[in-house]
1. Taking segment 135-147, which residues are open to solvent by less than 10 Å² (accessible area, probe 1.4 Å) and touching a Lys or Arg at 6+ places or on another chain (Cβ under 8 Å)?
2. Of the conditions (1) at pLDDT below 95; (2) open to solvent by 70 Å² or more (accessible area, probe 1.4 Å); (3) closer than 20 Å to I173 by Cβ, L73 satisfies every one except a single condition; which number is it?
3. Pairs only if they're at least six apart or on different chains, beta carbon under 7 angstrom, first in segment 45-69 and more than 22 Å from I107 (Cα to Cα), second assigned to a loop (DSSP other than H, G, I, E, B); list them, first residue then second.
4. Mind checking which residues of segment 28-56 are surrounded by fewer than 19 Cβ atoms within 10 Å (Cβ to Cβ) and assigned to a loop (DSSP other than H, G, I, E, B)?
5. Restricting to segment 110-134, and then to whatever is open to solvent by less than 40 Å² (accessible area, probe 1.4 Å) and free of Cβ contacts under 8 Å to residues at least 60 places away in the same chain, can you tell me which residue is nearest to D158 (Cα to Cα)?
6. Taking the condition under 13 Å from the mean Cα position of the chain (by Cα) and open to solvent by 10 Å² or more (accessible area, probe 1.4 Å), does D170 pass?
7. Name the residue, out of A106, A102, A87, A95, that is among the hydrophobic types (A, V, I, L, M, F, W, C), farther than 24 Å from E175 by Cα and touching a Lys or Arg at 6+ places or on another chain (Cβ under 8 Å).
8. Determine which single condition E163 fails, assuming it passes every other condition in (1) modelled with pLDDT of 90 or more; (2) among the acidic types (D, E); (3) open to solvent by 10 Å² or more (accessible area, probe 1.4 Å).
Amino acid sequence: MLDKRQIRQEIKRRKQAITPDERERLSRQICRAIESLPGFERVAHLMLYHALPDEVDTRHLLSKWAGSKQLYLPIVDGDDLIVAPYAGGAMKQGAFHIWEPAGTTAIDPARLEWIVVPGVAFDRQMNRLGRGKGFYDRLLQQTRARKIGICYGLQLVDEIPAEPHDIKMDLIITENDIIYKNDEIWH
């Protein structure tokens, strides 16, 4: 099994083959898959993220659903992520050049129903490999929201070395697959 550093290097190499047009097409497919999930129409409090250049882009969901769902984005605050409402208004570039809501107040993550989570890699055992800072793991410990990992199919690996503090996903979506941890929670 590859270690986390080796997986990150391999995924970085794989993602370099994705063209901007392909990234846009695959991102739209993945966003449509999220919208097609059972229960999506009932979710009122949904956390998305503003993508880095190599991540699945969620702008389609942000623009489409900002008027009818309460959407949230993460904000890096020191060593943690806080959750702020997104209303399509003022944005600023925060830590790591990630766009985040400007001048907003953090909410309690327990309010969230679903959280769409980016990752460097995922495996079919629902493990997620992030960028190594633990931001999402610390946030996900604070909520009972359903955790939806999204990635390009080339980011799925056989096995990610998981540690006790790593939070598993409830569902993983690629352009090719929807991988369920437990079918019953989505019906």
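The values are calculated or read from the model by the stated rules, or taken from the named source; none is laboratory data. Computed from a prediction, not measured in an experiment: that's the story for all the values here. Note: ideal-geometry Cβ built from the backbone for every residue, glycine included; neighbour counts use all protein chains shown. All accessible areas refer to the heavy atoms of the entire protein, side chains included, with ligands and DNA or RNA removed. Shrake-Rupley method; radii C 1.70, N 1.55, O 1.52, S 1.80 Å.
1. L140
2. Failed condition: (2).
3. Correct list of pairs: L52/I98; E55/P118; V56/P118; V56/C151; V56/Y152; D57/A51.
4. Within segment 28-56, S36, L37, P38, G39, V43, A44, A51, L52, P53, D54 meet the criteria.
5. Taking the candidates together, the pick is D123.
6. yes
7. A102
8. So the condition that E163 fails would be (1).
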